[in-house]
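Right, one structure below, let's go through it.
The values are calculated or read from the model by the stated rules, or taken from the named source; none is laboratory data. Please read these numbers as outputs of a predicted model, since none were measured by experiment. Note that we place each Cβ from the backbone using ideal geometry, even for glycine, and neighbour counts take in every protein chain shown.
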């Protein structure tokens, strides 16, 4: 949600940029992202990430997913002093935990319907107990007239907005690469060189989604860590995403029915996938502190900042600084120092 918040609160509300121009910014950022994705630059960026940081990112994504799931289930709640606390443990939480048990049994039996069984069981139980209201209308008509193709491409080329274009481009690029690297590392979708499979194709699709988001009238469309749920269920080819997209098409018309599935019914899936992703933590190299601290910062900052990008950026900076301080600077690729410098610039740009 980081890009959504940056788009709404920093660009539109904070900087007073008209929303059509903000959509134009999203379009041009996507166009630049597409150019980067078809060049060797994206490969150099991806391979500059040390294996330890890749593994830490995968484990951090697992904790991130689990935290979201626990919050949606009501097991973790906000607290004004301690930030988080144990939730009220009501019937919704109990149903979520039962859904998690159903998923665990299904995964143990290697059932491809484990996740769906958990969601369906919790939703039906919630309807039976009156915790979920059935929609008054099962079908709705989508509205494409309000923001579709309303972007201002010329207004977005104002030189004063170049900083926002760069921020979205770099954030989207790092977010996508971080997600691809973390999820592929955790799910074993690596080639013989240890690189994420089909990274180039994935980034091109992601860039087109960002470009298309500006046309459709929304903030950036990007790869999400919830994709790990589909990978763990056995979806490891592009056809999985194609059919997922096709199955979303009816949601244009059955939005009220889809909205009737409560977040605490899907929470068990996030918790289960988070646990599966966290298994990669056993591969971390923690022998030397200059390796342990960057990996630790990457792992913990992903859930604590609610951003995969922040965890990766601080991991880059810590890795470069600590290796230089430890006299091991020559062991890192020069491109990592470039990424560390870009990370510092991006952090400054976000707060500018």
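Here 55, 123, 93 are screened, and the one residue that is over 24 Å from residue 258 (Cβ atoms) and not in a loop (DSSP other than H, G, I, E, B) is 55. Considering (1) crowded, with 20+ Cβ neighbours inside 10 Å; (2) on the phi > 0 side of the Ramachandran plot, the lone condition that residue 267 does not fulfil carries the number (2).
Tally time: how many residues in the range 244-273 are part of a helix (DSSP H, G or I) and either modelled with pLDDT under 85 or over 26 Å from residue 102 (Cα atoms) (or both)?
Qualifying residue count, the range 244-273: 15.
Filtered by the rule that a residue be on the phi < 0 side of the Ramachandran plot and loosely packed, with under 15 Cβ neighbours inside 10 Å, the range 291-328 gives 325, 326, 328. Output yes when any residue across the range 66-76 is exposed (fewer than 15 other Cβ atoms within 10 Å of the Cβ), over 20 Å from residue 260 (Cβ atoms) and without any contact (Cβ under 8 Å) to a residue 40 or more places away in the chain, and no when none is. No, there is no match, as no residue in the range 66-76 is exposed (fewer than 15 other Cβ atoms within 10 Å of the Cβ), over 20 Å from residue 260 (Cβ atoms) and without any contact (Cβ under 8 Å) to a residue 40 or more places away in the chain.
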